[in-house]
1. Can you tell me how much longer the chain between Ser102 and Arg49 gets when fully stretched, taken as 0.36 nm per residue apart minus their C-alpha distance, in nm with one decimal?
2. Could you order the peptides 58-66, 182-190 from most to least packed, using the average number of other C-beta atoms within 10 Å per residue?
3. Which of the residue pairs Lys36/Lys151; Lys70/Lys106; Lys106/Lys181; Lys156/Lys184; Lys151/Lys184 have a Cα-Cα distance greater than 19 Å in the structure shown?
4. Within the chain, what percent of beta bridges assigned by DSSP are antiparallel, to the nearest 5?
5. Just to be sure I understand: with springs between alpha-carbon atoms less than 10 Å apart, which residue in Pro39, Pro68, Pro137 has the highest mean-square fluctuation in the Gaussian network model of the chain?
6. Step through the residues of region 165-178 one at a time and calculate ³J(HN,Hα) from phi using the Karplus curve (6.51 cos²θ - 1.76 cosθ + 1.60, θ = phi - 60°), rounding each to whole Hz and writing x for Gly and Pro.
7. Want the number for Tyr162 to Lys116: 0.36 nm per residue separation, take away the alpha-carbon distance, what's left?
8. log₁₀ I(q)/I(0) of region 104-183 at q = 0.15, 0.17, 0.20, 0.27 Å⁻¹, via Debye over equal Cα point scatterers, no solvent, to two decimals?
Amino acid sequence: MKVSASFLSSKNIPEDLAKLNNTDVDYIHVDIMDGKFVPNKTMPFREMRHIYEYTSKRLDVHLMVKEPSKYIPLYAELNTEYITFHVEVEEDILKDLELIKSYSIKCGLAISPDTKVNALIPYLPYLDYILVMSVYPGKGGQEFIENTESKLEEVKALLDSYKIKAVVSVDGGIDNKTKDKCNKADILVSGSYIINSENFQEKISSLR
Ligand code: DX5
Ligand code: ZN
């Protein structure tokens, strides 16, 4: 199992990113919030761009924003493997997926807990990545939503029936117990479980 570490709950981002760099974590999950798509707001790009100074890991960027097209060109500048935005946005989704691909970056769609997996169908042929939210987007440290297990099964079944090979990740409330409900995923995104601990590598290993 691959692990992507979210630093949304970090009190000292440079220090925690430096510590994560000494682990075998696969990706750094970068949560971006605009105060519109979700009530909270993360730091502006001019501050966030400095994260590349503290990590050599590839980034897994999760845009929880109303207008992904404004953010995609910014985050495409960094050492980014995936850029993901939400299927619930009102912008032209295909256009935004094309925009991500125009930078040779893998594109993904995130799906919030109350959205039906069928919402992904029109975009399946374009997707490299699907991020299933196991909490409501907006903040770290929330409790894992139990029916995520069946949602992951639905997403996998959908990918099989359309013969699509997208990577599936699950994000929110993941720890060494809830991970057992995520066997169908390829990547686990975990924040507070890793960041609020003394030994990052031990927690990362416990998720694999
Ligand atoms: C929630 C974010 C998640 C979250 C993960 O809005 O998208 O990435 O920070 O953190 P934990 O593991 O604390 O739920
Ligand atoms: Zn996230």
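No value in this document is a laboratory result; all are computed from the given coordinates. Note that the structure is predicted; figures quoted are calculated from it, not measured. Because the Cβ atoms are built from the backbone with ideal geometry, glycine has one as well, and the counts that use them run over all protein chains shown.
1. Difference between extended and current length: 17.1 nm.
2. My ranking of the peptides, most packed first, is 58-66, 182-190.
3. In this structure, Lys36/Lys151; Lys106/Lys181 exceed 19 Å between Cα atoms.
4. Taking every DSSP beta bridge with both residues in the chain, the antiparallel ones total about 5 percent.
5. In this elastic network of the chain, the residue with the biggest mean-square fluctuation among Pro39, Pro68, Pro137 is Pro39.
6. Working through the residues one at a time gives 10, 7, 6, 10, 10, 10, 9, x, x, 8, 9, 5, 9, 5 Hz.
7. Value of the extension gain: 14.9 nm.
8. Debye curve over Cα of region 104-183, log10 I(q)/I(0) at q = 0.15, 0.17, 0.20, 0.27 Å⁻¹: -0.50, -0.64, -0.87, -1.37.
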